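**Q** Handing you a structure now.
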Amino acid sequence: MFIAARPSLLKPLRSTATDDLHPTEARWFALRVGYRKEKVVAKLLRQQEINCFLPLRERPYHYKSKTGVRQIPLLGGYVFVKIIGREAAAVHAAPFVFGFVRIGRVRKQVTEQEIEVLRRISCDLSLSWAVEDAVLPLRRGCRVEIARGPLAGVRGHYVEARSKKAFIISFDGLDARLMTCEVSSADIISLAEIKTS
């Protein structure tokens with residue numbers, strides 16, 4: 001038996017999605033990686049001479065026989081790479097890499113400012129992750145800026161309060177919730193209040 005398909009059904013689908021990946025200009029992108037495989041992926045990518053960044057923070061541990069400090073990923077499940085177009089296939093083919101972070105079908109770049117914020121967070125040992133008793137009344141979607149501390153000057157949109165101190169803020173450029181940023185309510189100001197005063 002011979003089955004023939006109509007030629008109109010075999011046409012390739014046209015993608016209307018745009019992509020921030022550039023053929024010659026290196027840009028930062030976020031990768032989704034396997035659970036607890038962030039350090040492995042970063043090491044493998046560095047061996048392939050691919051520029052990558054894994055923000056880490058120190059976490060103390062205490063056992064009966066010893067105590068110490070571990071470096072754990074700041075954003076579990078994510079590694080950042082600075083690549084050009086031809087390196088994308090090698091990055092995607094690396095073990096434990098699930099793919100690029102996309103907004104819809106579009107692979108969006110992470111701005112240099114956002115990478116700098118992550119560097120500041122991961123390098124500052126004075127950041128406290130404990131919960132305080134102050135609550136800042138903010139409306140969902142309002143523009144906010146962090147006024148003090150290592151994240152001073154970072155702007156974004158307020159999403160929600162997870163607790164009395166933990167806020168989710170989406171950064172302006174990436175506009176994707178990759179992390180929960182825990183910031184003292186005294187350090188956040190609403191940009192709407194500044195404009196009206």
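**Q** Which three extents, in angstrom, do the Cα atoms of segment 27-123 have along their principal axes, listed largest first?
**A** 49, 28, 26
**Q** Once Lys and Arg get +1 and Asp and Glu get -1 on their Cβ, which of F80, Y63, Q109 lies farthest toward the positive end of the dipole of segment 27-123?
**A** Y63
**Q** Moving on. Set the Förster distance to 45 Å, then compute FRET efficiency between F96 and R143 from the Cβ-Cβ distance, nearest 0.05.
**A** Numbers: r = 36 Å, r/R0 = 0.81.
Using R0 = 45 Å, I get an efficiency of 0.80.
**Q** Which residues' amide hydrogens lie under 5 Å from the amide hydrogen of V33, considering only partners 5 or more residues apart or on another chain, with H built in the peptide plane?
**A** Y78, V79, F98
**Q** Starting from the 7 Å offset along Cα-to-Cβ, what nm value, one decimal, do you get for the label separation of Y63 and A89?
**A** 4.5 nm
**Q** Listing Y35, Y158 from the residue with the fewest other Cβ atoms within 10 Å to the one with the most, what is the order?
**A** Working: Y35 8, Y158 20.
Ranking Y35, Y158 by Cβ neighbours within 10 Å, fewest first, gives Y35, Y158.
**Q** Looking at segment 47-88, which trypsin sites (Lys or Arg not before Pro) are in a loop (DSSP not H, G, I, E or B) and have at most 13 other Cβ atoms within 10 Å? Intermediate values should be presented prior to the final figure.
**A** Values: sites: R57, K64, K66, R70, K82, R86; in loops: K64, K66.
Those satisfying the criteria are K64, K66.
Since every read-out is calculated from the coordinates, none of them should be taken as a lab result. Treat the numbers as computed from the prediction; the structure is a model and nothing was measured. Neighbour counts are summed over all protein chains in view; Cβ atoms, including those assigned to glycine, are modelled from backbone coordinates with ideal geometry.
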